[in-house]
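Below is one structure, written out as C-alpha cells; the observations come after it.
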Amino acid sequence: MKENGMTCRAFRSSNFELLRIVAMIMIVGYHLANHGVINMLSDKAYNIYSTGTTVNKWATSFWGIGGEVGVALFFIITGYFYVKKDKLSLLKIVLEVVFYGFLCTSLAIIIKLFGGNIGFDIFSLLKSLFLPVTAGVWWFVTAYVFLMFMTPLINLYARSINRKGFFALLIIFWLFEYSLANFCGTIYYELQKAIFFYLIGAFCRLHLRKIKKSNNKKWLLIFFFACWGMGTIVCFFFGQYSICCNNILRQKVILKLLSELKTAVIVPACAFLLFRYFESLNMRYNKLVNDIA
C-alpha cells in the first residue's frame, strides 16, 4: 500500500504508531483487570472482587474502559487512513489470523494432553482452527474483516457529502446504531461499533484541521484525562453495585445506566480526544516506535 507515493510501512507517521502502542497497552490493561480479575475468576467473581482492598478496586476500575477505548482508537486510525483509499487488501490480516488460530489450537491441545485446564471446549478450538475469521472467535477480527468489505461503499458515500451532512450522519449513527444498539444488545453491535468509529476517523481526515496551537493540545489532554477519570469512577461504582444490592430491579437499572454512560459517552469522548492529540503531534520518524507498533 502507498500513501502519497511513499510506502506506508517505511514512512508511517510515528505519532500514529505511538498511539497504536498506547491503544495496545490500554487493551492489555483492560484484559488484565476485567478478564483477569472480574469476569473469569469464578461464577461468583464479584464476590471475590469484593474482598480486595479499595486500592485494588480503584486500580482495576482505572483500566475498566481501556479495552473499549483502545479498540475504538484502532478503528478510528483505520478510518483516518483508509477513507481516501479505493483499493484495500485483507490478505495480511487473514494470514495472521489463520496462523495464530493454528498456533493457539496447537498449544491448547498440547496443554490438554499434559493435563492442563485450557478453559475452552473442543468446538471453540475447531472454530479457531478452521474458521478463525468468520466464526467470531476473535470478535475484533471478524468485525474488522466485514468492515473492510463495506469500506469501498462507506468511503464513496463519506467523500460525497459535505461537512454538515457528515456530522449529521455521525450524530444519527451514534444515537441509533451505536448507543441504542449497545443498550438493546443488537446481534451486529460489534460491526456497528466498528463502522461508527471508522466514520469518526474518516470525519477527522476529511473535515477537521490538525490542531497546531500548543495550548489547544494541552486542553485535549486535560479533557481526555477528565473523561478517563469519569470512566474510572463509573467502573468503580459498577463493581460496587455488581457485588450486592437489596433491590434487584434497582441494581439492574443502575448497572444498565452506568454501562450505557461508559460506552455511549465516555469511551467515544476519550478515543476522539486522544486521537486528536496524537494527530496534532509533529513527531519525526522513530524507527524504534514504528518497529514496536
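The values are calculated or read from the model by the stated rules, or taken from the named source; none is laboratory data. Small disclaimer: the values here were computed from a predicted structure and weren't measured. Here the Cβ positions follow ideal geometry from the backbone for every residue, glycine too, while neighbour counts run over all protein chains shown. To get the accessible areas, we keep the full protein, side chains included, count just its heavy atoms, and leave off ligands, DNA and RNA. Shrake-Rupley method; radii C 1.70, N 1.55, O 1.52, S 1.80 Å.
Computed values, structure above
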read-out: Probe 1.4 Å - accessible area at Y100, Å² to nearest ten; value: 120 Å²
read-out: Stretchable slack from L131 to F114, in nm (0.36 nm times residue separation minus alpha-carbon distance); value: 3.6 nm
read-out: Distance in nm between pseudo-label sites at L261 and F237 (7 Å out along the Cβ direction from Cα); value: 0.3 nm
read-out: Greater than 21 Å apart at Cα, pairs in K85/K262; K57/K193; K193/K256; K57/K262; K57/K217; K84/K218; value: K85/K262; K57/K193; K57/K217; K84/K218
read-out: Probe 1.4 Å, accessible area per residue of region 159-268, Å²; value: 59 Å²
read-out: Stokes-Einstein diffusion coefficient of region 201-293, Kirkwood radius over Cα pairs, 10 °C, 1.306 mPa s, in µm²/s; value: 101 µm²/s
read-out: Per-pair calculated FRET efficiency, R0 = 22 Å: K84 and N282 via Cβ, rounded to 0.05; value: 0.55
read-out: Region 57-139, dipole about Cα centre (Lys/Arg Cβ +1, Asp/Glu Cβ -1), debye to the nearest 20; value: 160 debye
read-out: The chain: calculated mean residue ellipticity at 222 nm from DSSP helix runs of at least 4, using -39500 (n - 2.57); value: -22000 deg cm²/dmol
read-out: Solvent-accessible surface (1.4 angstrom probe) belonging to L281, in square angstrom, nearest 10; value: 40 Å²
read-out: The chain - charge dipole about Cα centre, Lys and Arg +1 at Cβ, Asp and Glu -1, debye rounded to 20; value: 1140 debye
read-out: Furthest towards positive pole of dipole, S106, Y49, I161, structure part the chain, Cβ charges; value: I161
read-out: Pairwise label distance in nanometres, M24 with L180, each label 7 Å out on the Cα-Cβ vector; value: 3.9 nm
read-out: Whole-percent carbon and sulfur share, accessible surface of the chain, 1.4 Å; value: 68 percent
read-out: Cut-off 13 Å (backbone N to label point 7 Å along Cα→Cβ of R159), residues of region 184-208; value: 206
read-out: Residue-wise HN-Hα coupling along region 252-267, computed from phi with Karplus coefficients 6.51, -1.76, 1.60 (Hz; x: Gly, Pro); value: 5, 5, 5, 4, 5, 5, 5, 5, 5, 4, 5, 6, 7, 10, 5, 4
read-out: Rounded to the nearest 10 Å², the accessible area of K262 at probe 1.4 Å; value: 40 Å²
read-out: Sites D291 and H35 - FRET efficiency at Förster radius 25 Å, r taken between beta-carbons, to 0.05; value: 0.35
read-out: Rounded D (µm²/s) - the chain, Kirkwood Rh over Cα pairs, Stokes-Einstein at 20 °C, 1.002 mPa s; value: 102 µm²/s
read-out: Distance from region 237-283 to region 151-201 (C-alpha centre basis), Å; value: 19 Å
